[in-house]
Amino acid sequence: MAKENKSKYAVLGALSNCPGSGYDIKKMMEQSTSNFWNESYGQIYPILKQLVEEGLATSHAEKQEGKPERYVYTLTERGTEELQRWLTEPVEYVVERNELLLKLYFGRHIPLEKNIEHVRTFQQLQTNLLRKYENIELYLQAGMASDPDLLYPLLTLRYGKRRCQSLLEWCEETLATLHAL
């Protein structure tokens, strides 16, 4: 399945949380799925139009004082069924594109210090992400008592944490290897 189709389901999923405008969907993604899935406004608005055309969502205009009308989209029953159908399909494996690994693979063509710098920069990024995930985890755990559905975002967050922890270990090993050269 092409990414465009998966983008459609990302927007359907966002609408399953609550009705919203394209702006609302973008903000929701920035605050929830952006570490593993994000869409641009240029992707969201055409998808919303497509969802309405396919009967998977409805839209209505809301007047705003001093601003253009705001179009709010709501998932239809058919849209919910389509999202549920997609959620049951097998997950497609996609090869990760990683610029750091590509540069390290060909790293013999540049000074060793530059390779070390690349890994240290990546290590700092992973450290910052891990701190971010730990703070979000505390927030989600605090809300679990009143909203058991927070378990699902917590599962994706824990994946991010474990990934960062593993990548930080890899950075340590890689830096030790490079320093030994």
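The values are calculated or read from the model by the stated rules, or taken from the named source; none is laboratory data. Remember, it's a predicted structure, so these values are computed and weren't measured experimentally. Cβ placement follows ideal geometry from the backbone for every residue including glycine, while neighbour counts extend to all protein chains displayed. Side chains included, ligands, DNA and RNA excluded: accessible areas come from the protein's heavy atoms. Shrake-Rupley method; radii C 1.70, N 1.55, O 1.52, S 1.80 Å.
Data overview
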| quantity | calculated |
| --- | --- |
| Residue selected from segment 98-153 under the condition assigned to a helix (DSSP H, G or I) and aromatic (Phe, Trp, Tyr), by the criterion farthest from residue 32 (Cα to Cα) | 105 |
| Residues being open to solvent by less than 100 Å² (accessible area, probe 1.4 Å), over 16 Å from residue 7 (Cβ atoms) and modelled with pLDDT under 95 - total across segment 71-92 | 0 |
| Where residue 97 falls short, out of the listed (1) within 28 Å of residue 174 (Cα to Cα); (2) open to solvent by less than 80 Å² (accessible area, probe 1.4 Å) | (2) |
| Candidates 140, 129, 104 - the one that is under 24 Å from residue 20 (Cβ atoms) and surrounded by 14 or more Cβ atoms within 10 Å (Cβ to Cβ) | 140 |
| Some residue of segment 93-116 being of a type in the set (Asp, Glu) and either touching a Lys or Arg at 6+ places or on another chain (Cβ under 7 Å) or in contact (Cβ under 8 Å) with a residue 60 or more places away in the chain (or both) | no |
